[in-house]
Amino acid sequence: MLEELLIFTRGGLILWSSCRALGAAALKGSPIDALIRSCLLEDRSADASFSQDNYALKWTFHNELGLVFVAVYQKILHLLYVDDLLAAVRKDFSQIYDPKCTNYDDFTDIFRQLHLEAQARAEDMNKSKQAISSRPLPAVSHKTAPKARGAGTRATTKGGASRKDDSDGESSGKDHHALANGSHENAAPKDSSHTRPAVVKGKENGGPKDNGAFDVTKLQRLRKNDRKNTGADNATKQLTKPDTKKKGKQDRVWDDKPSNKKLDFTDPADERGDEVTEHVALNQGDSMMDKDENLSSDSEEEVVEDGPKKKGWFSSMFQSIAGNSVLEKSDLQPALKALKDRLMTKNVAEEIAEKLCESVAASLEGKKLGSFTRISSTVQTAMEEALLRILTPRRSIDILRDVHAAKERGKPYVIVFVGVNGVGKSTNLAKVAYWLLQHNLSVTLAACDTFRSGAVEQLRTHARRLQIPIFEKGYEKDPAVVAREAIQEASRNKSNVVLVDTAGRMQDNEPLMRALSKLINLNSPDLVLFVGEALVGNDAIDQLTKFNQKLADLSAVPTARLIDGILLAKFDTIDDKVGAALSMVYISGAPVMFVGCGQSHTDLKKLNVKSIVKTLLK
């Protein structure tokens, strides 16, 4: 049963509602509001349907008039006529729509008729499918099959060749064909009954008089001669080979002048790291987080306009496609296909690129094309706007503001770093700590990676270099308990921020994911940061989806705590392959809060959204 069909403008003005017109009960919760927030405002309209609580929602657009049609029904019901009904309602309502009118009570009777017709068509289609499936299959006659097989066997025997002899080579096949037709040069034409057995016997035994048979002994002699010749050649090469001594491995010199700079930054200390004989300077320069990057491509566009104008990949490919007054899906397909391929070359996951192109097509279909405007430029502009909306965070997370708010409450601000193995959680945790120290905030590190060997020592080295306290309990301890004790210790010491380092874990590792869920549920951190590599492509979807799914499934509370933000590591190694940022944000809805771009503590940046969008479409 259809719960509601709602028609509203893109500006949010409700024009007609089936619940209000037919006097039905209102929906529980706000499924349509959730659809607008999660899909329509963030250009995720390419999805086939949307689920919220017990409801399933489907929708369609009328881009020329700026209308949205949404159908809501129970999730457990598979209504086959919803798409057909939405198309019919869209067609009929667009004929009576007037931008100046806000009352469409006359559409109620039309909707009833359309609803009944759609239900009737769905029932007829269902009945026809059932009739086809219940129709008996035609009986297959098995009498002719043995005859055919027997005929084939007799033909093979008569021809004097079996399927076992097919591997004897091309010449053998030709001889058999010739013998079957009775026209071989060397075959005796007088007595064919004696000829066939003689030839078959000669072939099987390798008779020398049969030119069609292959001489196996000759092949064996040739192989022996080849082995002798090869052995003699190798012996000659070994005798003439000069006796050269192997050179030892030398250090690679990248520049003309080799640098004598010290590369080992570890400090001499005992096992616990208490006695440090040489202190490392804390001030390593300003963090890149506090530097405003001016990477917008406005200046680059001005430079291009001054010189000879180069043809872009869009304009060169689709220069001839222009002039249609109303955009149809077939007109958009070539441009969207090229755009999808372009995004995939930038390391965007294939599934994400496909959904983005479908979303752009849904937003442009039915719109009027402006004068002297190419379809390619229209598609690129729509994609650029969609990417800006996706990468721009829907909720603002200001860590410095939230830290000061927690400081006024007398509690430390807790950040938990999670992610898969080897992405650089500990290194980027130290970068965040250095950035917080530059803003005169006290930081405590919590060594909750009690699984990987050397993890505690690695974090201890970072703490020693930054001259900040670290809370550790060694290995094989419960990380949730270690994090709780670290937070209590930071509260007693009046520390402002606690950075919790966790063990790297694959998204399919059930025991470690259960331990992570326990750590988050027990300590309720203020921020959960997912550290991901900028090098990943399609795996970014799997990682974030399964991390959020496991945290939700293993949560002990009804409102599960999921990933709040993303730290994108190794961003300096990817050149223009920046698609991982788009894939991660699209699939999780969490913003990219930090970008790791080097090995030192200062190499931490903010994500420049405009620069990423320009790089993706360049």
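Which of the residues belonging to the stretch 363-376 are of a type in the set (Ser, Thr, Tyr) and under 28 Å from the mean Cα position of the chain (by Cα)?
SER363, SER376
Of the conditions (1) open to solvent by less than 10 Å² (accessible area, probe 1.4 Å); (2) over 20 Å from LYS431 (Cα atoms); (3) part of a helix (DSSP H, G or I), ALA490 clears all except one; give me its number.
Unmet condition: (2).
What is the one condition in (1) surrounded by 16 or more Cβ atoms within 10 Å (Cβ to Cβ); (2) modelled with pLDDT of 80 or more; (3) not small (Gly, Ala, Ser) that ARG44 does not satisfy?
Of the numbered conditions (1) surrounded by 16 or more Cβ atoms within 10 Å (Cβ to Cβ); (2) modelled with pLDDT of 80 or more; (3) not small (Gly, Ala, Ser), the odd one out for ARG44 is (2).
What's the number of the condition LYS431 fails, among (1) part of a strand (DSSP E or B); (2) buried (at least 24 other Cβ atoms within 10 Å of the Cβ); (3) not hydroxyl-bearing (Ser, Thr, Tyr)?
Unmet for LYS431, out of (1) part of a strand (DSSP E or B); (2) buried (at least 24 other Cβ atoms within 10 Å of the Cβ); (3) not hydroxyl-bearing (Ser, Thr, Tyr): (1).
Out of all the residues in the stretch 1-41, which are on the phi > 0 side of the Ramachandran plot and at pLDDT 80 or above?
Within the stretch 1-41, just GLY12 meets the criteria.
Right, ALA569: hydrophobic (A, V, I, L, M, F, W, C) and either open to solvent by 50 Å² or more (accessible area, probe 1.4 Å) or under 16 Å from the mean Cα position of the chain (by Cα) (or both) or not?
no
Go over the candidates ASP92, ASP98 one by one and state the one that is modelled with pLDDT of 85 or more, open to solvent by 60 Å² or more (accessible area, probe 1.4 Å) and not in a strand (DSSP E or B).
Residue meeting the stated conditions: ASP98.
Scan the stretch 353-380 and report the pairs whose first residue is part of a loop (DSSP other than H, G, I, E, B) and whose second residue is open to solvent by 50 Å² or more (accessible area, probe 1.4 Å), with Cβ atoms within less than 6 Å and a gap of 6+ or a chain change.
GLU365/LYS329; GLY366/GLU64; LYS367/GLU64; LEU369/ASN324
Starting from the stretch 29-55, take each residue that is closer than 19 Å to TRP16 by Cα and list its partners that are open to solvent by less than 40 Å² (accessible area, probe 1.4 Å) and modelled with pLDDT under 80, counting only C-beta distances under 6 angstrom and pairs at least six apart or across chains.
Filtered contacts from the stretch 29-55: no entries.
Just need a number here: residues in the stretch 324-339 that are buried (at least 20 other Cβ atoms within 10 Å of the Cβ) and closer than 26 Å to MET584 by Cα.
Going through the stretch 324-339 one residue at a time, the tally reaches 3.
Looking only at the stretch 604-612, decide whether some residue is part of a strand (DSSP E or B), open to solvent by 20 Å² or more (accessible area, probe 1.4 Å), modelled with pLDDT of 85 or more and touching a strand residue (DSSP E or B) at 6+ places or on another chain (Cβ under 6 Å).
So far as the stretch 604-612 goes, yes, one or more of its residues are part of a strand (DSSP E or B), open to solvent by 20 Å² or more (accessible area, probe 1.4 Å), modelled with pLDDT of 85 or more and touching a strand residue (DSSP E or B) at 6+ places or on another chain (Cβ under 6 Å).
Which ones in the stretch 449-486 are open to solvent by less than 30 Å² (accessible area, probe 1.4 Å), in contact with a strand residue (DSSP E or B) (Cβ under 7 Å, 6 or more places away or on another chain) and assigned to a loop (DSSP other than H, G, I, E, B)?
ASP449, ILE468 - these are the residues of the stretch 449-486 that are open to solvent by less than 30 Å² (accessible area, probe 1.4 Å), in contact with a strand residue (DSSP E or B) (Cβ under 7 Å, 6 or more places away or on another chain) and assigned to a loop (DSSP other than H, G, I, E, B).
Consider GLN74 against the criteria (1) more than 32 Å from the chain's Cα centre (by Cα); (2) open to solvent by 10 Å² or more (accessible area, probe 1.4 Å): it satisfies all of them except one. Which criterion is unmet?
Condition not satisfied by GLN74: (1).
Looking at ASP572, ASP576, ASP539, which is the one that is modelled with pLDDT under 90, in contact with a helix residue (DSSP H, G or I) (Cβ under 8 Å, 6 or more places away or on another chain) and acidic (Asp, Glu)?
Exactly one of ASP572, ASP576, ASP539 is modelled with pLDDT under 90, in contact with a helix residue (DSSP H, G or I) (Cβ under 8 Å, 6 or more places away or on another chain) and acidic (Asp, Glu), namely ASP576.
Do we find that GLU64 is open to solvent by 60 Å² or more (accessible area, probe 1.4 Å) and touching a Ser or Thr at 6+ places or on another chain (Cβ under 9 Å) in this structure?
The answer is yes for GLU64.
Restricting the search to the stretch 346-377, which residues are touching a strand residue (DSSP E or B) at 6+ places or on another chain (Cβ under 9 Å) and either under 27 Å from SER49 (Cα atoms) or among the aliphatic types (A, V, I, L, M) (or both)?
Result: ALA362, SER363, GLU365, GLY366, LYS367, LYS368, LEU369, ILE375.
Taking into account only those residues within the stretch 63-89 that are among the acidic types (Asp, Glu) and not in a loop (DSSP other than H, G, I, E, B), which is farthest from SER359 (Cα to Cα)?
Top of the filtered list is ASP84.
Restricting to the stretch 341-357, name every residue that is over 14 Å from TYR586 (Cβ atoms) and buried (at least 18 other Cβ atoms within 10 Å of the Cβ).
Across the stretch 341-357, the qualifying residue is only ARG342.
Can you tell me which of (1) open to solvent by 20 Å² or more (accessible area, probe 1.4 Å); (2) part of a loop (DSSP other than H, G, I, E, B); (3) at pLDDT 90 or above is the one HIS601 doesn't meet?
(1)
For the stretch 434-448, what are the residues that are in a loop (DSSP other than H, G, I, E, B) and open to solvent by 20 Å² or more (accessible area, probe 1.4 Å)?
GLN438, HIS439, ASN440, SER442 - these are the residues of the stretch 434-448 that are in a loop (DSSP other than H, G, I, E, B) and open to solvent by 20 Å² or more (accessible area, probe 1.4 Å).
Would you mind finding the one in VAL423, VAL360, VAL379 that is more than 26 Å from ASP564 (Cβ to Cβ), within 19 Å of the chain's Cα centre (by Cα) and open to solvent by less than 10 Å² (accessible area, probe 1.4 Å)?
Step by step, each of VAL423, VAL360, VAL379 is checked, and only VAL360 is more than 26 Å from ASP564 (Cβ to Cβ), within 19 Å of the chain's Cα centre (by Cα) and open to solvent by less than 10 Å² (accessible area, probe 1.4 Å).
Checking ILE397 against (1) part of a helix (DSSP H, G or I); (2) modelled with pLDDT under 90; (3) β-branched (Val, Ile, Thr), which single condition isn't satisfied?
(1)
Residue check: is LYS425 basic (Lys, Arg) and over 21 Å from GLN543 (Cα atoms)?
no
The values are calculated or read from the model by the stated rules, or taken from the named source; none is laboratory data. Everything numeric here is computed off the predicted structure, so don't read it as measured data. When we count neighbours, we look across all protein chains shown, and the Cβ atoms used for this are built from the backbone with ideal geometry, even at glycine. The area values use the complete protein model at the heavy-atom level, side chains included, leaving out ligands, DNA and RNA. Shrake-Rupley method; radii C 1.70, N 1.55, O 1.52, S 1.80 Å.
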